[in-house]
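I have placed the structure first, in the form of structure tokens, so that the comments after it can refer back to it.
The values are calculated or read from the model by the stated rules, or taken from the named source; none is laboratory data. This one's a predicted model, so the numbers in the text were calculated from it and none came from an experiment. Positions of Cβ are backbone-derived with ideal geometry, glycine not excepted, and every protein chain shown enters the neighbour counts. Calculation scope for accessible area: heavy atoms of the full protein, side chains included, ligands and nucleic acids excluded. Shrake-Rupley method; radii C 1.70, N 1.55, O 1.52, S 1.80 Å.
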Amino acid sequence: MTLALRAQDVPHTDAHPATPVENKTTTAEPDARQILVQMIQWDRKAMGAVTPENPHGLKWEFTPTGSVNNTARGQEVVMTGIVYHAPINNQWNVIVWQLDKPGPAMQYRNVWANRQGVLWRNRPPGEAQEAMAGEGSIGFKFGGAKGEAYRYMLLSDDKKTAIYGVAVPFPIEQKQGKCRVELRLGSKDGRSLVLLGEGFPATSLVHLNVATAGKTTEQDIHTDAKGVFVTGLLPPGTDQESGTRELTFSSVAGGCSLHFSQPWGKGSYERQ
């Protein structure tokens, strides 16, 4: 299997990854729709959803360290990946799904988690069980465009347990009060999107207004008992090669209104 990833054994091993809202004006290609549905499912699991393969709702979280490297291909964000409460006596495989790749691919086989949730290439001995880094630990560096996500799965060797996470080095997000909305690219041309919201009133509605190419569509998105939603937006209904979508998310209960101008189509993908 060919991977678009690179790992180096240095003191901290770095990994270098190279039910949607309907748009009423178009019908998406089946493959594009199915990929978007799979992304939505993955992102929900990464938020700690309880599933048969993850009965305790464990999460793999990626946090920027504050270190950004300038490379020939653009900026590279250094992130810490912690798999909270991962069993330390299991061997795991690391799976990654990159944007515009047909599916997930293996990055590491037979890694271990220490008590802090940091991954190591070999079983960490002694003091390394409490360490956040060290010889043989696995760290992460990511480049890409705004809104580009790297979806990760920690899969047990017997394939019975899977813990999900998502790394977004350059998030597209807006915050107002407790409310936050994030847009993630569903494809490199930005024609499809994953939409995530949190901090909204629980079990309520968020009104979404989308304007592009002179057309406007409106939808209501349901939040769950925690005031969270994860859904998707299908490609815009226009024959234009590119454009900009104006998206406005408004809490029907009041208190939050967040607006995005999102370019899509030919030439819209730009590495940071």
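Please enumerate the residues belonging to the range 34-57 that are open to solvent by 60 Å² or more (accessible area, probe 1.4 Å) and more than 17 Å from the chain's Cα centre (by Cα).
Selection gives Val50, Pro52, Pro55, His56.
Looking only at the range 135-171, filter to residues that are part of a loop (DSSP other than H, G, I, E, B) and of a type in the set (D, E, K, R); which one of those is surrounded by the most Cβ atoms within 10 Å (Cβ to Cβ)?
Going through the qualifying residues, I end up with Glu148.
Could you tell me how many of the residues in the range 205-224 are assigned to a loop (DSSP other than H, G, I, E, B) and open to solvent by 20 Å² or more (accessible area, probe 1.4 Å)?
Number satisfying all stated conditions: 3.
In the range 181-194, which residues are more than 18 Å from Thr238 (Cβ to Cβ) and part of a strand (DSSP E or B)?
Val181, Glu182, Leu183, Arg184, Leu185, Val194 - these are the residues of the range 181-194 that are more than 18 Å from Thr238 (Cβ to Cβ) and part of a strand (DSSP E or B).
Determine which member of the set Trp92, Trp97, Trp60 is open to solvent by less than 70 Å² (accessible area, probe 1.4 Å), within 19 Å of Gly134 (Cβ to Cβ) and aromatic (Phe, Trp, Tyr).
Trp92
Among the listed residues Gln174, Gln129, which satisfies the condition of being assigned to a strand (DSSP E or B) and surrounded by fewer than 21 Cβ atoms within 10 Å (Cβ to Cβ)?
On inspection, the qualifying residue turns out to be Gln174.
I'd like to check something: does the range 103-115 contain any residue that is touching a Ser or Thr at 6+ places or on another chain (Cβ under 8 Å), over 27 Å from Val194 (Cα atoms), open to solvent by 20 Å² or more (accessible area, probe 1.4 Å) and not aromatic (Phe, Trp, Tyr)?
No, the range 103-115 contains no residue that is touching a Ser or Thr at 6+ places or on another chain (Cβ under 8 Å), over 27 Å from Val194 (Cα atoms), open to solvent by 20 Å² or more (accessible area, probe 1.4 Å) and not aromatic (Phe, Trp, Tyr).
Going through Gly243, Gly197, Gly227 one at a time, which residue ends up being of a type outside the set (Val, Ile, Thr), open to solvent by 20 Å² or more (accessible area, probe 1.4 Å) and either part of a strand (DSSP E or B) or at pLDDT 95 or above (or both)?
Gly243
Quick check on Thr80: is it under 21 Å from the mean Cα position of the chain (by Cα) and of a type in the set (S, T, N, Q)?
yes
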